[in-house]
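Worksheet for the structure shown next.
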Amino acid sequence: MKQSPFETAGARVEEWLDRGSGSVWAKRDKHLRVEQGMAWEVDLQDDTLPVHSLRIVLPPDFPASTCDLFVDRSYFLRLPHVEADGHVCLGLQSIPNDYDDPVAAVVRALGTLKDQLLEPSVDKSWVEHQFQTERASYWAQRCIARRKAGDRRPVPLHTYVDVRELDRWAMGSLAAYVPSGAKQRLFSLQVAAEQAVDPNDTAIRHRWADGTMVRGNALFVRMPPDEPWTPSTWPNSFGALDALVGRLTDNESSVASWLQRTGWADDPQPHSRKNKKKRRREAEAPPGQRPLLVVLVQDGVMYGYQLFGSATPRLTLPSIEPVDITRVDPDWALARDHQLDVLRARRQKRVLFVGAGSLGSPLARALVRAGLGTIDIVDAQLMGPENTSRHELGAEEVGQGKAPALAGRLMRDVPGITAKGYIAEAAVWMTQHCKPGVYDLVVDCTAESSVRAFIAHTRSGLLGECPVIHAWTEPLCSAGHVVLSQPDVPWPAEDQADELVNASDLSAGDTRIQLPACSAGFHPYGAADIELVAAFAAERVIALLDDLSQRSMVWSCVRSSAYFQSLPVPVATRAIVPTSTSKFDSIMTSRDLAGILGRA
């Protein structure tokens, strides 16, 4: 049987290390199972290096995957790039030539280890610099290692933190959850937030809350960017953590004084009767055993310490355990702290969104994921099972109003936004709820001429100077259009979309599949078709959110002439349609709305 490329490569390395020149310093490890690959213990034969031996492991798919290098586990958090199991992470990557010369691939890995780790590690300042540069990774590894330690205290599996603005330090609250049916009070998850945010509300909103909730306290402390955070500087005792917090806050606070403020050692206060129903799945922790979390914040990275009391909290200091923190605040979730001035400006915007159908639902999703702060969604229709093929919602929401269901999903999925949905006709709802100054932008995705005409007639009184977007697709998604109408260039009440904007004379009646019911039917296009238009529209609407003063425009995404020619009905196209022999081609183009309306 012909050998696979992996077997061939492994055999050549095996020949080199078992019987060739490599056998002088390498010894085969025969205890590794065949499916795990092959391994050798290597004597580096250099007493000047901090590591004297290592292990080479060829994975079963070598050289598609590079060889793995391991040192003794005791070097974990003593040398950089060494993981808890001794694996050395050097960012090695396979190259095409490794199949032709697999021995060179192993030699390259050993050379990289020596040049990028072993020789530089002689310098202790270099070691500290490496730990500091990748401090978030090493802290996470430490937390994982402590979770497996025999003497560790049981920290929750997940710790989510929502802190948005932090000066020097602040106190916050915490909600921890004991899973339903758990035999011991062990928290599976905890959410911590600043005082202005209820962490339990956050957990419920995002469906993290599971089981009985126990309230606790959190302390947030900012660390300067140049504060060392390496294995040699990490606090490993309550006293060390207390001293660090005192120094970072110029003694305005400390862990000990914070504990006194929270009354953590006091008996829990009974809840009033009126709160009993609200707290039926909430339990109180015994004195000294309330969940407590200290969070250190440095350049957007968070490091946590869980505090554990005892049965005699007034006599015994708490013990501490390191905690890996997951940030869930909108700055991180939506932008990873990148271009926060743009994100925060979008967060202040309020949009009225009319029409939550196959175009509106993915467009609304894109806007809130881009950082839009507030969106009110209006749509009169209920979600049907036949909508699931090309709608943001699915079978779970069948029978629900599209607008409130979509708003609910956006609230669950996207931190920091406010979304509300209303089952109503656009004209009725806008007449009752709109007035100038309420919204920064109105987006109409109904594709209904009657809605465009209504907005044209009532715009000044209901919306004032608010810009309006009309977005629609032509039949079969042959073209998509986004019309920005500023107050100085209003969309005409006559609604001449077909004549002035559309790419062809293709009408809805030409391609609509009729069903045996009153006004029942559908247009046969799929999710890929509408998502293309939605992405095109989202790009332009997001840009408008960043600059609401843009002049009135018509943006169009138009399929090629070959696409129109492939349709099952004859179509007369207009000049905007690009000529091409491929039905997969299209163009994106911009036109001045005033020019189209003859007002230039």
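Of 530, 320, 204, which has the most accessible area with a 1.4 Å probe, and how do the rest follow in descending order? Walk me through the numbers on the way to the answer.
Values: 530 0, 320 25, 204 100 Å².
Highest to lowest solvent-accessible surface, that is 204, 320, 530.
Across the chain, the relative contact order, built from alpha-carbon pairs under 8 Å that are at least six residues apart, equals 7 percent.
Residues whose amide H lies under 5 Å from that of residue 283, counting only those 5 or more places away or on a different chain, are 213, 214, 215; hydrogens are built 1.01 Å from N in the peptide plane.
Most tightly packed first, judged by the mean number of other beta-carbon atoms within 10 Å of their residues, the peptides 404-417, 165-178, 7-20 read 404-417, 165-178, 7-20.
Label positions at residue 396 and residue 100, each projected 7 Å from the Cα along the C-beta direction, are separated by 5.2 nm. Across segment 1-117, Cα pairs under 8 Å and at least six residues apart give a relative contact order of 19 percent.
If contacts are Cα pairs under 8 angstrom and at least 6 residues apart, what is the relative contact order of segment 310-402 in percent? Relative contact order comes out at 23 percent. With the whole protein complex present, residue 135 retains an accessible surface near 40 Å², based on a 1.4 Å probe.
Under a 5 Å amide H cut-off, with hydrogens placed 1.01 Å from N, residue 172 pairs with 218, 219, 220 among residues at least 5 apart or on other chains.
Taking every DSSP beta bridge with both residues inside the chain, roughly what % is antiparallel (nearest 5)? Write out the running numbers ahead of the final one.
Details: 67 of 101 bridges.
The antiparallel proportion sits near 65 percent.
Applied to segment 487-498, the Karplus parametrisation 6.51 cos²θ - 1.76 cosθ + 1.60 on θ = phi - 60° returns per-residue 3J(HN,Hα) values of x, 7, 10, x, 5, x, 5, 5, 6, 8, 4, 4 Hz, with x for Gly and Pro.
What is the angle, in °, between the Cα long axis of helix 102-113 and the longest principal axis of the Cα atoms in the chain? Nearest 10 is fine, range 0 to 90. Approximately 80 degrees, to the nearest 10. Our coupling estimate for segment 386-393, obtained by passing each phi through the Karplus curve with A = 6.51, B = -1.76, C = 1.60 and θ = phi - 60°, is 6, 7, 5, 5, 8, 10, 5, 7 Hz, Gly and Pro reported as x. Report, in degrees rounded to the nearest 10, the 0 to 90 angle that the Cα long axis of helix 360-369 makes with the longest principal axis of the chain. Roughly 40 degrees, rounded to the nearest 10. Computed with a 1.4 Å probe on the full set of protein chains, the accessible area for residue 544 sits at about 0 Å². Ellipticity at 222 nm from helices only: DSSP H runs of n ≥ 4 in the chain, each -39500 (n - 2.57), divided by the residue count, give -8000 deg cm²/dmol. Recomputing Cα Rg over 2.2 N^0.38 Å from the coordinates shown identifies the correct label among (1) 0.91; (2) 1.26; (3) 1.13 as (2).
Helix 124-133 and the longest principal axis of the Cα set of the chain meet at an angle near 20°. The residues of segment 449-600 expose on average 46 square angstrom of accessible surface per residue, using a 1.4 Å probe on protein heavy atoms. Using 0.36 nm per residue and subtracting the Cα-Cα separation, the extra length available between residue 435 and residue 182 on full extension is 85.8 nm. For the chain, the carbon plus sulfur part of the accessible surface works out to 50%, probe radius 1.4 Å. Couplings 3J(HN,Hα) for segment 530-547, derived from phi with the Karplus relation 6.51 cos²θ - 1.76 cosθ + 1.60 (θ = phi - 60°), are 6, 5, 4, 5, 4, 5, 4, 5, 4, 4, 6, 5, 4, 4, 5, 4, 6, 8 Hz, where x marks Gly and Pro. Put simply, the amide H of residue 560, placed in the peptide plane, has neighbours under 5 Å in 585, leaving out anything fewer than 5 places away on its chain. Shown are 542, 144, whose ranking by accessible area with a 1.4 Å probe and every protein chain present, most to least, is 144, 542.
Ranking 208, 472 from most to least accessible surface, computed with a 1.4 Å probe over the protein chains only, gives 208, 472.
Can you give me the accessible area per residue for segment 1-111, using a 1.4 Å probe, in Å²?
So segment 1-111 comes to 56 Å² accessible per residue, rounded to a whole number.
Quick check for you: with a 1.4 Å probe and neighbouring chains kept, what is the accessible area per residue of segment 299-375, in Å²? Before the final figure, lay out the partial values.
Values: 3000 Å² over 77 residues.
That works out to 39 Å² per residue.
The values are calculated or read from the model by the stated rules, or taken from the named source; none is laboratory data. As the structure is a prediction and not an experimental result, all values here were calculated from the model. Cβ: placed from backbone, ideal geometry, glycine included. Neighbour counts: every protein chain shown. Protein only, heavy atoms only, side chains kept; ligands, DNA and RNA dropped before computing areas. Shrake-Rupley method; radii C 1.70, N 1.55, O 1.52, S 1.80 Å.
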